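Notes follow the structure.
The values are calculated or read from the model by the stated rules, or taken from the named source; none is laboratory data. Predicted, not measured: the structure shown is a model, and the values here were computed from it. Backbone-built Cβ (ideal geometry, glycine too); neighbour counts: all protein chains shown.
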Amino acid sequence: MHYFEYKNGELYAEGVKVQDLADTYGTPLYIYSAATLRRHFKAFDSAFEGLPHLTCYSVKANSNLSLLKILAECGAGMDIVSGGELYRALAAGVNPEKIVYSGVGKRTEEIRQALEAGILMFNVESMGELERISVQASDMGKVARISLRINPDVDPKTHPYISTGLKKNKFGLDLEQSYAAYARAMTLPGVDPVGIDCHIGSQLTTIEPFLEALDRLSLFHDRLKGLGLRIEYLDLGGGLGITYDEEEPPHPSVFGQALTNVLKDYPLTLILEPGRVIAGNSGILVTEAVYTKKTPSKDFVIVDAAMNDLVRPSLYGAFHTIKEVTPKDRPSLNVDVVGPICESGDFLARDRALPAVEPGERLAVFSAGAYGFTMSSNYNSRPRAAEIIVDGDTVILARRRETYEDLIALEK
Ligand code: LLP
C-alpha cells in the first residue's frame, strides 16, 4: 500500500501532483511519501506487539535526513553499518540506545564513535572485530554490549548478491566459530555478550527461510546457556521483501505472527532491521523522456534518469514498474527504457510494454524508495537527483539537486 495514486488521470504523491513537482524541482527527481513511510513503519512495528521488541530501520535503504527524522518521530531505532550512518542517525535525533551497528569492516574510529555515542549494541562479525572492540572499549573505560552475527547457512532464495546467510558469504561466523567467540567474549574485559544476531538476506518473499534461521538460532541459544551466558536480545536482521512486479511477499502481520508463535515463550527482546519493506514502496523516481529512438531491432525510450540514479535494474536485473505521470490513451510499444550513460548496461527496463511516450513526457519509476538514492553516484559527472518528501499537501525539499559546482567542490 502506498500513497502514489492516479486522480482524474494524473499521478499524485499524497495531495500533490507529481507533474507539478517535476515542473518545480526538475527531473530526475526522487519523491517520497511521508504517510506511506509512517504507515509502513507502524504496520511492521505493530506486527510484533505481542513480543518485547525493537524495530531498527536499516539506514542503508534510504538515509535521507528528513526521512530518518520522520521514522525517528515514529519511535524507530536504527540499524547502521558505518560511521556515516551513525552520524546521520544521531543528526536525525535517533535515541542512541536504539541503534545497532552491523557490518564486517568496522574501523577503529567507527567503533570509538559508536562507543562514545552509547549505542545499544554492536553486531560483531569476526574474532578480530571482537578483540578490537574489547580493546577500544576498555581504553575508553567502557564495556560494549555485543551480539555475534551468526551465519546460519540458510538459503534465502533471493538474488545471489543480496544473500548473506550462506556458508560461502563473508558475513558473520558459523555456529562453531560463534560458540568459540562467545566463550572468548566472556573472558574479555571490554565486551558484554548480550545478544545473538543474524541477517540472512534481502527481498525474501517467503517466511520459511526466516523460520529456518530462527530454529537454528534458538537451538544455538540453548547451547549458550551451557556457557552460563544470559542472552537478552535476539536480532533477526531485515530482509522482508516487497512487491515490485508480481511477487507476493507475506504481509508484515503474517511475518510478525509467525515469529511471535515461535518466540512467545522466550525471555528475549526481538530486534528487527527492516529497510526495504519500510522505504521501498514509499518512493518513486520521476524521469523525463528526452528522445525516442527506433532501430531495426528495438525501440528505445531515452530518459534523463540513468544507472547512476537507480542502479538496481543494471546491477541485479531488478524489475521496477514504470508508468506515465499523465497517462494518455494510446497504443503500447515494447521498449527498452534507457538512460544517457555510456554503457549498454544502463537501463531502467528492458522489453517493457509502455504507451508510446513522446519526448518531454514524464515517467514514474515505482518502488524506488529503498536502495535508490542511497546507491546513486556521480558517474558520467551527473549531479545527483533532488529528493522531495510530500506530507499531505506539504512539500519538503529533503535534498537539493546537486550542481556542477558540487561536482568539483572537493577536487583541485
Ligand atoms: N540488516 C543488515 C545487516 C543488512 O545487511 C541489511 C541489508 C538489512 C538489515 C536490511 O535489509 P532489507 O530489510 O532492506 O532487505 N542493494 C540491494 C539490497 C542490499 C541489502 C543489504 N543489506 C537491493 O537494492 O536490492
- Condition met for Ala181 (closer than 30 Å to Ala91 by Cα, touching a strand residue (DSSP E or B) at 6+ places or on another chain (Cβ under 8 Å), modelled with pLDDT of 95 or more and among the aliphatic types (A, V, I, L, M)): no
- Query: Got a sec? Which of Leu227, Leu211 is part of a helix (DSSP H, G or I) and surrounded by fewer than 17 Cβ atoms within 10 Å (Cβ to Cβ)?
  - Reply: Leu211
- helices (runs of 4 or more DSSP H) enclosed by the range 240-351 - at least 2 residues per element that are farther than 18 Å from Met375 by Cβ: 252-263
- Task: Scan Ile231, Ile207, Ile196 and give me the residue that is in contact with a Leu (Cβ under 9 Å, 6 or more places away or on another chain), over 28 Å from Ala279 (Cα atoms) and at pLDDT 95 or above.
- Result: Ile231
- Among all residue pairs at least 6 apart or on different chains, which show Cβ distances below 9 Å where the first residue, located in the range 330-350, is more than 16 Å from Tyr291 (Cα to Cα) and free of Cβ contacts under 8 Å to residues at least 12 places away in the same chain and the second is crowded, with 21+ Cβ neighbours inside 10 Å and not polar (S, T, N, Q)? Ser344/Val338
- Which condition number in (1) closer than 22 Å to Phe220 by Cα; (2) more than 16 Å from the ligand (Cβ to nearest atom); (3) not in a helix (DSSP H, G or I) is the one that Asp155 fails? (2)
- So Gly241, is it on the phi > 0 side of the Ramachandran plot, at pLDDT 95 or above and within 25 Å of the chain's Cα centre (by Cα): no
- Lone unmet requirement of (1) closer than 20 Å to Val100 by Cα; (2) touching a residue at least 60 places away in the same chain (Cβ under 8 Å); (3) within 14 Å of the ligand (Cβ to nearest atom); (4) not aromatic (Phe, Trp, Tyr) for Ile200: (2)
- Would you tally the residues in the range 5-19 being without any contact (Cβ under 8 Å) to a residue 40 or more places away in the chain and either in a strand (DSSP E or B) or surrounded by 17 or more Cβ atoms within 10 Å (Cβ to Cβ) (or both)? 4
